[in-house]
1. How about region 133-173: which of its residues are of a type in the set (V, I, T) and buried (at least 21 other Cβ atoms within 10 Å of the Cβ)?
2. Would you tally the residues in region 18-70 being of a type outside the set (A, V, I, L, M) and within 30 Å of V260 (Cα to Cα)?
3. Go through region 360-378 and report how many residues are open to solvent by 30 Å² or more (accessible area, probe 1.4 Å) and not hydrophobic (A, V, I, L, M, F, W, C).
4. Test Y304 against the criterion of being touching a helix residue (DSSP H, G or I) at 6+ places or on another chain (Cβ under 7 Å) and either at pLDDT 85 or above or not acidic (D, E) (or both), and give yes or no.
5. Please find, within region 206-228, the residue that is most open to solvent (accessible area, probe 1.4 Å) out of those that are within 23 Å of I280 (Cα to Cα) and modelled with pLDDT under 95.
6. Can you tell me how many residues in region 41-62 are open to solvent by 70 Å² or more (accessible area, probe 1.4 Å) and either at pLDDT below 90 or assigned to a helix (DSSP H, G or I) (or both)?
7. Just one of A179, A158 is part of a loop (DSSP other than H, G, I, E, B) and among the small types (G, A, S); which is it?
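The values are calculated or read from the model by the stated rules, or taken from the named source; none is laboratory data. Not measured: the values here are computed from a predicted model. All Cβ positions, even for glycine, are placed from backbone atoms using ideal geometry, and neighbour counts span all protein chains on display. Each accessible area value is taken on the protein alone, full model and side chains, heavy atoms only, with ligands, DNA and RNA left out. Shrake-Rupley method; radii C 1.70, N 1.55, O 1.52, S 1.80 Å.
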Amino acid sequence: MFTNYLLLAFRNIAKQRSYTIVNTLGLAIGLAAALFILLYVRDELTFDTMHPAANETYRMGYVVSFPNGEKQAAPYAPAGWDNYLQANFPGIGGITSYTSWGMPTSVQYAAKDRIVLTEELIWAESTITDLIYLPVLKGATQKPLKDINSIILTASAAKELFGDDDPLNQTVTVMHTWATQGKKVEMMVTGVIEDLPSNSHIRPRFVANILALKPFMPDLENLLNTSMADGNNNLFTQSYFVCNDPTRIPLIMDDMQKKVDALIAKNKWDVKFKPVIKKITDVHFDSEMDWTIDHKTADIKYMYVFITIAMLILVVACINYVNLSTAKSAGRAREIGLRKTFGGVRAELFLQFMLESFVLVIMAALVAILLVLLLTPQFNQLTGKTFTFHHGFNPTMLLILLGVIVVGTILAGSYPALFVSGFQPATVLKGKFAFRKGSVFFRQFLTATQFVVAVMLLAGTVIIVRQMDLMRNSKLNEAGK
């Protein structure tokens, strides 16, 4: 019986091609818009979850308060703090740190006379691959930075610098105005890593072993390991550590504050210094400090707004489907009357019309997926993301899509199915069919709701665009430049 209903659903859909195309496209566009929004929200909510021990990895920073009342938050910590924590607190696992300098760094491949100028080069400890997601495509998979003069680079950076040549074990020279004092440092490529995902707060294109700077930074190893900002010669780095016991974080914070207060008293600094520790999966939504290099932090409230917008778009698409379905139902009144006369019951008719709705939603979902695949490059350009085919078809997004299909079928199909299956055979066969007052009122209510939601979305879009334009073009912003 189910197979017969399904065949009948396909037959009815095929007979009403124009109606099917209009309804399917309306649903598909709404689904595609909702899928894009949900894809973006999922990407934001999973920021930094790809790192090897993301739920146990923490970053260190600080907030310094000056006598004039100004405060400055920075995602750095005195070099050596991570070593101190590992040595004095049980439960502290891996540690690592890196630093970077502004201004372009030049990376030269002399054999082909190619030079890349980049600000996306970091100088890191060899343990960085233990804590930070840097998936190796070629070269040593374990500690590719173990050699002092080693460097790893992303696949796109390797293509730009080496072209079709194999970058492994090739020698490049790195030069920076301050880090290398304007001198060239020879380094060997020991690994090629994947281009890092857009939802990682650390996305270097080049990662060099920081110990290669020993000729230019006196006592570098001592600065990295034990200096802890004690003295005039110190170094601040982006520092990470793994702690498998979160209850120790408050103890660590108290101990660090005591150490800082002692240093301030010893050196008679006229500032207040507050250490900050934040789980790596929380830094993207931290409203008090920007932990990134490219200033791409976010506000969690916007994620709730985007989810609401996606739901409203789905509601509008479903309302459009309901209105079209109920308007079209008058043409099927005689069919329902005949089927009821020959013994058809309402439950079976309801099932048939729900199956038709389900088939239409499936067709709309397939069209929506096609639209998403076709428009992904433009969406990446708009959002600054790096979505690919795999992002749209990972298990989480497939579950979301399945949920959207089920909810869409229920929202869009339930009322038309109840409405059509409720026709009275005696009335419709006599040709006296007419929409009841309750049905007309409900459709009017749906139309009004659809109009209100559409106006709200349009007005919200205009307001947001104008606010962003004001921020970009205001005199205050120009003065900041």
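1. I151, I152, T154, V172
2. The qualifying residues number 15.
3. 2
4. no
5. Only one residue tops the list, namely N225.
6. 3
7. Sole residue among the options that is part of a loop (DSSP other than H, G, I, E, B) and among the small types (G, A, S): A179.
Here is a yes/no grid of residues against (1) closer than 26 Å to I400 by Cβ; (2) in contact with a strand residue (DSSP E or B) (Cβ under 8 Å, 6 or more places away or on another chain):
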residue	(1), (2)
I13	yes, no
A28	yes, no
M60	no, yes
Y76	no, yes
G80	no, no
Q86	no, yes
